[in-house]
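Some notes on the structure that comes next.
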Amino acid sequence: MSTIIQTEEFTEVIDDIDDGRSLIVHNDDFNTFEHVIKTLIKVCGHEPHQAEQCTYIIHYSGKCAVKTGSFEILKPMREGIADAGIKATIK
């Protein structure tokens, strides 16, 4: 004889939780420093100095985590960066 146990699982959703994801921008051979800097300022809300530093890291290291947060927060930013012709991923 087998017994079936039924359980309920409740999940609370909080939009502002940082689930440890990072928005990664990747280096390429065709976007200019100026374009990447302007895009990071516009899409991610970076200050000019912060965007410039990220752009140098992207150039010399091949990629840079430009923002952290939940997938829901990072997804529109990734789309905005991609719309600007810059490769970005969420990890």
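Observations, loosely collected:
- Qualifying positions in region 43-80 - touching an Asp or Glu at 6+ places or on another chain (Cβ under 7 Å) and in a loop (DSSP other than H, G, I, E, B): SER70
Conditions (1) of a type in the set (Ser, Thr, Tyr); (2) modelled with pLDDT of 95 or more; (3) in contact with a helix residue (DSSP H, G or I) (Cβ under 6 Å, 6 or more places away or on another chain), marked per residue:
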{"site": "HIS46", "(1), (2), (3)": "no, yes, yes"}
{"site": "GLU52", "(1), (2), (3)": "no, yes, yes"}
{"site": "SER61", "(1), (2), (3)": "yes, yes, no"}
{"site": "LEU74", "(1), (2), (3)": "no, yes, no"}
{"site": "GLY80", "(1), (2), (3)": "no, yes, yes"}
{"site": "ASP83", "(1), (2), (3)": "no, yes, no"}
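The values are calculated or read from the model by the stated rules, or taken from the named source; none is laboratory data. No experiment lies behind these values; they were computed from the predicted model shown. Cβ sites come from the backbone with ideal geometry, for glycine too, and all protein chains shown count toward neighbours.
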